[in-house]
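Taking it in order: structure first as structure tokens, then the write-up.
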Amino acid sequence: QVQLVESGGGLVQPGTSLTLACAASGFEFSLYTLEWYRQAPGRQRELVAVINSADATTYTDSVKGRFYISRDNAKNTMWLQMNRLKPEDTAVYYCNANQGLQISYWGQGTQVTVSS
């Protein structure tokens, strides 16, 4: 059974850091492209960061230099390290594992709230 389970969300103050984790099971993790998305209230889901099977990474402009995506294939886990958080980073964060459009798995999401 395929599972992606996010953890690490919470309420934090602006300027602080938070690291999200996504634990995977039920598929060949190392062969998949891994992505973090987020969805703020009233907005469409947004792609935040990508790491492919060769460990190449890309980021949406609004998080470049602040967020870092990583993976450990031996642990079937991916992370999103988020630094210098801003109120506009507030959203539900989702992890995704995919092989293009044909196969795509989603986690249940974890809430991140950045507020003073």
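The values are calculated or read from the model by the stated rules, or taken from the named source; none is laboratory data. These numbers were taken from a predicted model, which means no experiment stands behind them. Cβ atoms come from the backbone with ideal geometry, glycine included; neighbour counts cover every protein chain shown. For the accessible areas, the whole protein counts, side chains as well, though only heavy atoms, and no ligand, DNA or RNA atoms are used. Shrake-Rupley method; radii C 1.70, N 1.55, O 1.52, S 1.80 Å.
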>> Suppose a student asked you for the relative contact order of the chain, using Cα pairs under 8 Å spaced at least 6 residues apart; what percent would you report?
In response: 36
>> For a quick check of your reading of the filter: which trypsin sites (Lys or Arg not before Pro) in region 1-89 sit in a DSSP loop and have no more than 16 other Cβ atoms within 10 Å?
In response: Arg43, Arg45, Lys64, Arg66, Lys75, Arg84
> With the contact rule set at Cα under 8 Å and sequence spacing of 6 or more, what percent relative contact order holds for region 2-47?
Replying inline: 32
> Quick one: accessible area per residue over the chain, 1.4 Å probe, rounded to a whole number of Å²?
Replying inline: 53
> Quick one: how many Å² of Tyr105 are accessible to a 1.4 Å probe, rounded to 10?
Replying inline: 60
> Ignoring any ligand, DNA or RNA, what whole percent of the accessible area of region 1-110 comes from carbon and sulfur when the probe is 1.4 angstrom?
Replying inline: 48
> So how far, in whole Å, is the C-alpha centre of region 18-33 from the one of region 70-116?
Replying inline: 10
